[in-house]
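S.K.: Sharing a structure with you now.
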Amino acid sequence: MIRPRHLIDLWLLLGLAASAGAATRAMEQASAMAHVTKVKTPTLILHGQADDRVPTGQGQELYLALRRLGVPTEFVTYPREPHGFREPGHPVDKIERELAWFEKWGVK
């Protein structure tokens, strides 16, 4: 769920504070879910469980949609991590997973 504070920040960022309808449409178009049927690229989703910018449920929603569409995808959560990993071991794990993902899916 998007918190009211984040909606206000996004409206200001998009310069649409005066038009709630336009802001809603802009947010919908900025959402990954609005375009999920176009995704073909194997996708690795790495998510902090304490992320207050992007709720874990949004990552799960994207993961489930991609899986249902047959897109190779993996969803990994990191306990206690916010929007950016800081806890010892997590940044190294993240990089190792990314490198393994690129190697598996042929990124050169």
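The values are calculated or read from the model by the stated rules, or taken from the named source; none is laboratory data. Since the structure is predicted, the reported quantities are computational estimates derived from the model, not experimental observations. For neighbour counting, all protein chains shown are included, and Cβ atoms are generated from backbone atoms with ideal geometry for every residue, glycine included. To get the accessible areas, we keep the full protein, side chains included, count just its heavy atoms, and leave off ligands, DNA and RNA. Shrake-Rupley method; radii C 1.70, N 1.55, O 1.52, S 1.80 Å.
S.K.: Of all residues in the stretch 37-51, count the ones that are in contact with a Leu (Cβ under 7 Å, 6 or more places away or on another chain), open to solvent by less than 50 Å² (accessible area, probe 1.4 Å) and not in a loop (DSSP other than H, G, I, E, B).
M.R.: The total comes to 2.
S.K.: Residue by residue through the stretch 82-92, note down the ones that are open to solvent by less than 50 Å² (accessible area, probe 1.4 Å) and within 24 Å of MET27 (Cβ to Cβ).
M.R.: Matches in the stretch 82-92: PRO82, GLY84.
S.K.: Are there any pairs, at least 6 apart or on different chains, whose C-beta atoms fall under 7 Å, with the first in the stretch 69-92 and closer than 26 Å to LYS40 by Cα and the second open to solvent by 60 Å² or more (accessible area, probe 1.4 Å) and outside any loop (DSSP other than H, G, I, E, B), and if so, which?
M.R.: Cβ pairs passing all conditions: LEU69/THR37; THR73/ARG67; PHE75/GLN60; VAL76/ARG97.
S.K.: Next question. Counting only residues that are modelled with pLDDT of 95 or more, assigned to a loop (DSSP other than H, G, I, E, B) and over 17 Å from VAL36 (Cα atoms), which one in the stretch 52-81 is least open to solvent (accessible area, probe 1.4 Å)?
M.R.: Taking the candidates together, the pick is GLU81.
S.K.: When the stretch 80-108 is examined, which residues are found to be at positive phi and of a type outside the set (Lys, Arg)?
M.R.: Residues satisfying the conditions are GLY84, GLY89, GLY106.
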